[in-house]
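The values are calculated or read from the model by the stated rules, or taken from the named source; none is laboratory data. In this text, all values refer to a predicted model and were calculated from it rather than measured experimentally. Cβ atoms come from the backbone with ideal geometry, glycine included; neighbour counts cover every protein chain shown.
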Amino acid sequence: MNLRSLPPHILQKLGIERLNDMQIAAFDALQTNPATLLIAPTGSGKTLAFLLPVYTMMTPETPGIQCLILTPSRELALQIEQVWRAMGTGFKVNTCYGGHSVKVELSNLSEPPALLIGTPGRIADHIRRESIDLRTTPMLVLDEYDKSLTMGFEEDMSFIAGELSHCTRRVLVSATRTVRIPPYMEIAQPLLVDYSEPVKSGDEALAVRTVFSDAHDKRGKLFELICFLGTEPTLIFCNQRDTAEQISDYLRHSGIESAYFHGKMEQIDREKTLVNFRNGSVTFLVASDLAARGLDIPSVRNVIHYELPYQEENFIHRNGRTARMNATGTAYILLHPDEERPQYLWKLPEECDVPKGCPLPPLSEWNTIYISGGKKDKVSKMDIVGFFTKIGKLDKDDIGLIEVMDFMAFAAVKKTKTSALLHAINNEKMKGKKYKIQVAW
């Protein structure tokens, strides 16, 4: 199938008029080559670039799992699933990852999906349980495979590759060039589709600036910088999980609404945090490098390196969270003049002089409401809107972003209307069932 014969409803459902150059090149390459290495920056549309050709190579009459996609994080796995479902392909998809109910996954896998997405550890576990059979699966995609290699998944990935005895098409996806291809992938000469771009500064879409802190404790300067930025969505990166929590606590105690995000958090807490950031309930997110890529969050306006990463590729990935898809953004490097810095920053970007005395950013006008029912309970966005407007007496303008997951949902509601809403719907039923509904934090 070529692009012209692609069903028009696919792109229409995604709200896309045309594919970009990278996606067009990837479409042709993945369809015609047994092994492809796709390299493109974060935010360039890589997920759709490999999902479209995967879809065109599937057939309704083929039984079993037709494509396996491995990802290093549950957030990236869920993001890929979300794009696939939005495409409206008609092919069943299941996603498996740590922190998700094994019992639910076993039930879903009792009828094999055409597309299986998962983290290496959980997929390896299902193979050992014999709940999935990959021996006839013809396609494998390793998304952000370089990150999987650095996160200790290599043994599981090697085991999984050994189970794919009839895999004839392999796709490796990354945002960086200088990553080895594991020998167990049995890929000697992949077709390279390289749309990587160096980080640019100055008048380009991404501006990189240096902010100097007079004190070794840079929290005071971070506070001044955030006050200077105002209400612009901002990601603040730290190298350690403990540091991320400490900085977030410091900002909150200083009057700035913030949250932290890292890999040691429980899955439900990670999901709540991302929802709050996506819907605007939280403007400033302090995170480890887990947030540098593979997360379903909109492009942010600013990135702040409270601590610089040790590797240049992580620096690039962090900056890739802003200035995405033709938008502009700024990455700020927060430094003490005597602070040791990595070799990749031997020359510092232009200094940004942050004025003192800027007012605190205003608090968000939104609260995030948690609902204990989701897709598996037949709860939809329209059900929530109807319940909140008819029973909760909200106007539609009082309701922001709504996200419905398998067993829970979240809705942004104006803070000024939250108390009245919760009072009005207390003990009321939605679609004949009573759900737990409360502020998410």
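Within region 416-438, being under 31 Å from the mean Cα position of the chain (by Cα) and surrounded by 15 or more Cβ atoms within 10 Å (Cβ to Cβ) holds for Lys417, Thr418, Leu421, Leu422, Met430, Tyr435, Ile437.
The residues on offer are Ile16, Ile39, and the sole one that is out of contact with any Ser or Thr (no Cβ under 7 Å at 6 or more places or on another chain) and at negative phi is Ile16. Does region 67-77 contain any residue that is crowded, with 21+ Cβ neighbours inside 10 Å, among the hydroxyl-bearing types (Ser, Thr, Tyr), outside any strand (DSSP E or B) and in contact with a strand residue (DSSP E or B) (Cβ under 6 Å, 6 or more places away or on another chain)? Yes, some residue in region 67-77 is crowded, with 21+ Cβ neighbours inside 10 Å, among the hydroxyl-bearing types (Ser, Thr, Tyr), outside any strand (DSSP E or B) and in contact with a strand residue (DSSP E or B) (Cβ under 6 Å, 6 or more places away or on another chain). Consider region 397-410 and keep the residues that are without any contact (Cβ under 8 Å) to a residue 60 or more places away in the chain and assigned to a strand (DSSP E or B). The one that is farthest from the chain's Cα centre (by Cα) is Ile399.
So that you can scan it fast, the table gives a plain yes or no per residue for (1) in contact with a Gly (Cβ under 7 Å, 6 or more places away or on another chain); (2) assigned by TED's automatic domain parsing to the domain that holds Thr273; (3) at pLDDT below 95:
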position: Thr47; (1), (2), (3): no, no, yes
position: Lys92; (1), (2), (3): no, no, no
position: Thr95; (1), (2), (3): yes, no, no
position: Lys103; (1), (2), (3): no, no, yes
position: Asn108; (1), (2), (3): no, no, yes
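When you scan region 384-407, do you find a residue that is loosely packed, with under 12 Cβ neighbours inside 10 Å, in contact with a strand residue (DSSP E or B) (Cβ under 8 Å, 6 or more places away or on another chain) and closer than 18 Å to Glu271 by Cα, even just one? No, there is no match, as no residue in region 384-407 is loosely packed, with under 12 Cβ neighbours inside 10 Å, in contact with a strand residue (DSSP E or B) (Cβ under 8 Å, 6 or more places away or on another chain) and closer than 18 Å to Glu271 by Cα. Among residues of region 383-396 that are of a type outside the set (D, E, K, R), those with a beta-carbon under 7 Å from a residue that is assigned to a loop (DSSP other than H, G, I, E, B) at least six positions away or on a different chain give the pairs Phe388/Leu394; Ile391/Glu428. Here region 306-346 is the region considered, the condition is being of a type in the set (Val, Ile, Thr) and more than 16 Å from Lys218 (Cβ to Cβ), and the residue that is surrounded by the fewest Cβ atoms within 10 Å (Cβ to Cβ) is Thr328. In region 126-146, of all residues being in contact with a strand residue (DSSP E or B) (Cβ under 8 Å, 6 or more places away or on another chain) and assigned to a helix (DSSP H, G or I), the one that is farthest from Leu52 (Cα to Cα) corresponds to His126.
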